[in-house]
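Below: one structure, written as structure tokens.
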Amino acid sequence: MEFVDAIVLKSLDYKDSSKILYLYTEKGLLSVIAHGVKKMNSINRVLSQNGNLIRITFTKGNFPSLKEGELVNDYEMIKSDILSYTYLNHIMELVNNTISEDLDHPKMFNFLKKIFKLFNDLVDPEMLSFIFELKLLYFLGYGLNFKQCNICDKNEFLVFNVDNGGLVCKEHLSFNQESFDSDIYIQLAKLYFIDINEFKTVDLTSNQRVIIRHIIDLLFDQYVSFKTKSRKIIQQLQKY
């Protein structure tokens, strides 16, 4: 019997006592029916909670059913903090709605587990979200250039521009294009290239956080065209 580790991205009620679980695994996205998990005495009830890391077996077929499973981690500390949990939901919405079948799922799944652990260790949730979203862009095939001008390869008088997917010299920046100087793009690059296995916090001022959040929102508007519901809640919680 093969057990599969999975992160519960979301769940939907199904009939009277069951749920459909939307999961992410090393093999990609997976949906399973969890029969009877809404019953108070169900031994699988804990397996249906969003944000849990679980280990399960399931039937074969186009719409498999949960057979048995166990809780690996419920990330209790994340769920005790509304801001952390909202950021976590933001990340899970992105995974569920942007990742396609033909990507390196083992790599992303392993990265997600490390991000979840840092969340649970009460690392700054906003910074972790910055890191995840920037890494996700690369994972989806939208890598950012922080080396030289994207147009002429010059490495002087550079600014960061979303339309050009990274750095561009001022000579090739249109007069109406929004750009960001080195005080911002150097910090953005630190977040983009950070090694999650040797995580060290990046010192950001309040103003830099606002601008970096703005840049990442612009990048996702430009290249991904998906906005999460949780992002709107984060805006209300953080006022920007």
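Taken together, the values in this text are just the output of simple stated rules run on the coordinates, not laboratory data. All values derive from a computational prediction rather than experimental measurement. No Cβ is skipped: glycine too gets one built from the backbone with ideal geometry, and neighbour counts run over all protein chains shown.
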Worksheet item: Could you give the dipole magnitude of the range 1-158 about its Cα centre, charging the beta-carbon of Lys and Arg +1 and that of Asp and Glu -1, in debye to the nearest 20?
Response: 460 debye
Practice prompt. Specify, per residue and in Å³, the volume enclosed by the convex hull of the alpha carbon atoms belonging to the range 1-104.
Written response: 112 Å³
Worksheet item: Taking θ as phi - 60°, what are the ³J(HN,Hα) couplings along the range 188-194 by the Karplus curve (6.51, -1.76, 1.60), each to the nearest whole Hz, with x for Gly and Pro?
Response: 4, 5, 4, 5, 5, 9, 4
Worksheet item: By how many nm would the segment from residue 83 to residue 43 grow when fully extended, if each residue of separation counts as 0.36 nm and the alpha-carbon distance is taken off?
Response: 11.4 nm
Worksheet item: Which value, in Å to one decimal place, does the Kirkwood hydrodynamic radius take for the range 109-240 when every pair of different Cα atoms is included?
Response: 15.7 Å
Discussion item. Loop only by DSSP, 10 or fewer other Cβ within 10 Å of the Cβ. Give me the GluC sites (Glu not before Pro) in the range 72-135 that pass, ordered by residue number.
Written reply: 101
Worksheet item: What are the GluC sites (Glu not before Pro) within the range 149-230 that DSSP puts in a loop, where the Cβ has at most 11 other Cβ atoms within 10 Å?
Response: 156
Practice prompt. Only residues of the range 53-80 count here: report those whose backbone N is under 13 Å from the spot 7 Å along Cα→Cβ of residue 25, or say none.
Written response: 54-70
Discussion item. Positive end of the dipole of the range 30-133, charges at C-beta (+1 Lys, Arg; -1 Asp, Glu), about the Cα centre: which of 59, 47, 82 has its Cα farthest in that direction?
Written reply: 59
Worksheet item: Roughly how big is the range 4-74's charge dipole about its Cα centre, with Cβ charges of +1 (Lys, Arg) and -1 (Asp, Glu), in debye to the nearest 20?
Response: 200 debye
Practice prompt. Using only the Cα atoms, work out Rg/Rh for the chain, with Rh taken as the Kirkwood radius, to two decimals.
Written response: 1.03
Worksheet entry | Peptide ranges 5-13, 206-214 listed from the most packed, as the mean C-beta count within 10 angstrom indicates | 5-13, 206-214
Fill in: the range 146-178 versus the range 193-211: alpha-carbon centroid distance in Å
22 Å
Worksheet item: Given the rule -39500 (n - 2.57) for each run of at least 4 DSSP H residues, summed and divided by the residues of the chain, what is its mean residue ellipticity at 222 nm, to the nearest 500 deg cm²/dmol?
Response: -12000 deg cm²/dmol
Worksheet, complete the sentence: The Rg/Rh figure for the range 33-78, Cα atoms and Kirkwood Rh, to two decimals is 0.99
Practice prompt. Note the angle between two axes, namely the Cα long axis of helix 105-120 and the longest principal axis of the Cα atoms of the chain, as a number of degrees from 0 to 90, rounded to the nearest 10.
Written response: 90 degrees
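Could you give the C-alpha radius of gyration of the range 105-187 expressed as a fraction of 2.2 N^0.38 Å, taking N as the number of residues it contains?
Values: Rg = 15.7 Å, N = 83, 2.2 N^0.38 = 11.8 Å.
Ratio of Cα Rg to 2.2 N^0.38 Å: 1.33.
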